Amino acid sequence: MNTARKANILRVTKLFCTKNSVIEVDGKVAVYMYGRRPIMLGNTFIIKLCDKDKATLQAALKLHAADGAIIRNKRIIVPSSDFTKDSAEAAINLLSSNNVLIENNSIEDTQTLLRKDERSSAEERGDQLI
């Protein structure tokens with residue numbers, strides 16, 4: 001299993017596939033993906049908000065212009081503290097991304113799985129908010 005620890009953010013700008021990785025960050029976004037058809041399978045994202053990051057959590061995974069993305073079997077965790085319960089709004093944020101498949105994901109300590117703009121579309125299947 002691959003592990004990335006204490007990074008601020010992982011930015012991906014070309015066709016990208018990651019499987020069975022643990023990505024742990026201190027901040028508001030774990031992964032920002034830009035570009036068509038990224039595939040993320042079986043990963044765990046752990047977002048730890050710091051005192052300096054009391055602002056609203058943007059999303060653990062942010063996709064921009066990511067038409068055809070597949071987000072499957074992912075676990076997203078925002079550990080609780082005095083301020084993260086109110087801050088963790090969405091696990092996944094779609095911006096100008098169409099035909100995104102979001103399937104069989106487990107989301108912990110987050111109010112909703114998905115936030116998307118008016119130019120985005122997604123199919124959600126078998127996801128759980130814990």
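Summary table below
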| quantity | calculated |
| --- | --- |
| Where a residue in region 108-121 is farther than 13 Å from Ser96 by Cβ and its partner, wherever it lies, is among the acidic types (Asp, Glu), with Cβ under 6 Å and at least six apart | Gln111/Glu89; Leu113/Asp127 |
| Of all residues making up region 95-130, the number that are within 18 Å of Gly35 (Cα to Cα), at pLDDT 95 or above and either in contact with a Lys or Arg (Cβ under 9 Å, 6 or more places away or on another chain) or surrounded by 12 or more Cβ atoms within 10 Å (Cβ to Cβ) (or both) | 10 |
| Unique residue being at pLDDT 85 or above and either open to solvent by 50 Å² or more (accessible area, probe 1.4 Å) or in a strand (DSSP E or B) (or both) when the list is Ala91, Ala66 | Ala91 |
| Among (1) under 10 Å from the mean Cα position of the chain (by Cα); (2) modelled with pLDDT of 80 or more - the single one Gln58 does not satisfy | (2) |
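Rundown of residues vs (1) surrounded by 13 or more Cβ atoms within 10 Å (Cβ to Cβ); (2) in contact with an Asp or Glu (Cβ under 9 Å, 6 or more places away or on another chain); (3) at pLDDT below 50, yes/no style:
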| site | (1), (2), (3) |
| --- | --- |
| Asn2 | no, no, yes |
| Lys6 | no, yes, yes |
| Arg11 | no, no, no |
| Thr18 | yes, no, no |
| Ile23 | yes, no, no |
| Ala30 | yes, yes, no |
| Pro38 | yes, no, no |
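The values are calculated or read from the model by the stated rules, or taken from the named source; none is laboratory data. Remember, it's a predicted structure, so these values are computed and weren't measured experimentally. In this analysis, Cβ positions are derived from the backbone assuming ideal geometry, glycine residues included, and neighbour counts consider all displayed protein chains. The accessibility values were calculated without ligands, DNA or RNA, using every heavy atom of the protein model including side chains. Shrake-Rupley method; radii C 1.70, N 1.55, O 1.52, S 1.80 Å.
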